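Student: Encoded as structure tokens, here's the structure I'll be asking about.
The values are calculated or read from the model by the stated rules, or taken from the named source; none is laboratory data. Since we're looking at a predicted model, the values are computed, not measured. Glycine gets a Cβ as well: all are built from the backbone with ideal geometry, and neighbour counts include every protein chain shown. When the accessible area is computed, the model is the full protein with side chains, heavy atoms only, and any ligands, DNA or RNA have been set aside. Shrake-Rupley method; radii C 1.70, N 1.55, O 1.52, S 1.80 Å.
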Amino acid sequence: MRPPNSRRRRLVRFVWCLVRDEDGGAYTLSYVMVIPVLMLLVAMVVESAMMLTAKLGTVHAAYVAARVATVQSGTSDWPIVEGRIEQAAIQAMVPFASGSNRSQLPSQSDDDAYRAAYDDWADDAVADAYVQSKQRDAAENVRVSIAGPPASWQNDVTAVVSYDYPFRLPGIGRLIGEPSADGGFTFPLTSRATLPGDGPQNSTQSLGIGYGQAP
């Protein structure tokens with residue numbers, strides 16, 4: 001039976017020879033060089049898919065903003081209508097916004113009602129903190145532009161909605177994004193929607209339908 005010291009010396013010698021052995025190093029080098037590039041490409045595909053989803057959200061938000069502008073352009077003062085347009089665009093963008101926003105914004109008066117409606121719409125229960133995070137992200141990063149009220153009821157109304165898409169992966173953001181105030185990276189997504197004017201033009205500012213209470 002060999003002494004323990006002999007076995008230990010053999011083990012140390014084997015490990016040392018294994019470390020110094022260069023056989024197969026060329027094959028390993030190719031994997032080391034390719035794997036980071038492959039991971040970057042996979043991350044780019046995933047980030048692009050999420051960016052495309054956010055782009056669809058801006059298209060929907062632009063349509064909602066234009067629809068509110070066409071319907072309410074003749075029913076109230078334009079500054080009030082502008083507030084409603086912005087609120088509608090933000091709420092339309094919430095399902096597509098990022099749920100990782102951790103900033104603290106003053107709560108809006110309709111937050112509770114919106115979250116209740118969101119819970120009713122969702123198939124599964126949604127955490128209030130997650131919906132609040134998406135609301136904050138939409139409120140911070142959505143910008144709406146309407147070129148004033150239509151001059152006449154025949155005129156079209158164009159709404160432009162921009163959303164600063166926040167990158168989840170910093171590596172991708174450094175390649176195609178722009179630095180943001182919070183230290184991350186964003187990419188501006190812009191959509192435009194044009195609808196014909198539908199605002200009521202009669203003296204009562206109604207759509208001409210007499211609604212009455214049921215007996």
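Student: Taking H placed 1.01 Å from N in the peptide plane, check which residues at least 5 places from Tyr165 or on another chain put their amide H under 5 Å from its amide H.
Tutor: Amide H to amide H, under 5 Å and 5 or more residues apart or across chains, Tyr165 pairs with Phe187, Leu189.
Student: Something else about it: Once the piece of chain linking Asp77 and Trp16 is laid out straight, how much longer is it, given 0.36 nm per residue of separation minus the C-alpha distance between them?
Tutor: The span from Asp77 to Trp16 would gain 13.7 nm if fully extended.
Student: Just to verify a number: FRET efficiency for Leu169 and Met33, C-beta to C-beta distance, R0 = 25 Å, to 0.05?
Tutor: Given R0 = 25 Å and the Cβ-Cβ separation, E is 0.75.
Student: Probe 1.4 Å, all protein chains in place: accessible area of Leu195 in Å², nearest 10?
Tutor: Counting only protein heavy atoms, the figure is 30 Å².
Student: Could you order Glu178, Glu47 so the one with the most accessible surface comes first? Probe is 1.4 Å.
Tutor: The residues order as Glu178, Glu47, largest area first.
Student: To the nearest 0.05, how large is the calculated FRET efficiency for Ser100 and Arg143 if R₀ is 30 Å and r is the Cβ-Cβ distance?
Tutor: 0.90
Student: Provide Met51, Met44, Met39 ordered by accessible surface of protein heavy atoms (probe 1.4 Å), highest first.
Tutor: The most accessible residue leads, giving Met39, Met44, Met51.
Student: While we're looking at this one, here's another question. Accessible area of Ser133, 1.4 Å probe, to the nearest 10 Å²?
Tutor: Surface open to solvent at Ser133 totals about 0 Å².
Student: Follow-up question, since we're still on this one. So if we plug the beta-carbon distance of Met51 and Asp182 into 1/(1 + (r/R0)^6) with R0 = 25 Å, what FRET efficiency do we get, rounded to 0.05?
Tutor: Once rounded, the FRET efficiency stands at 0.85.
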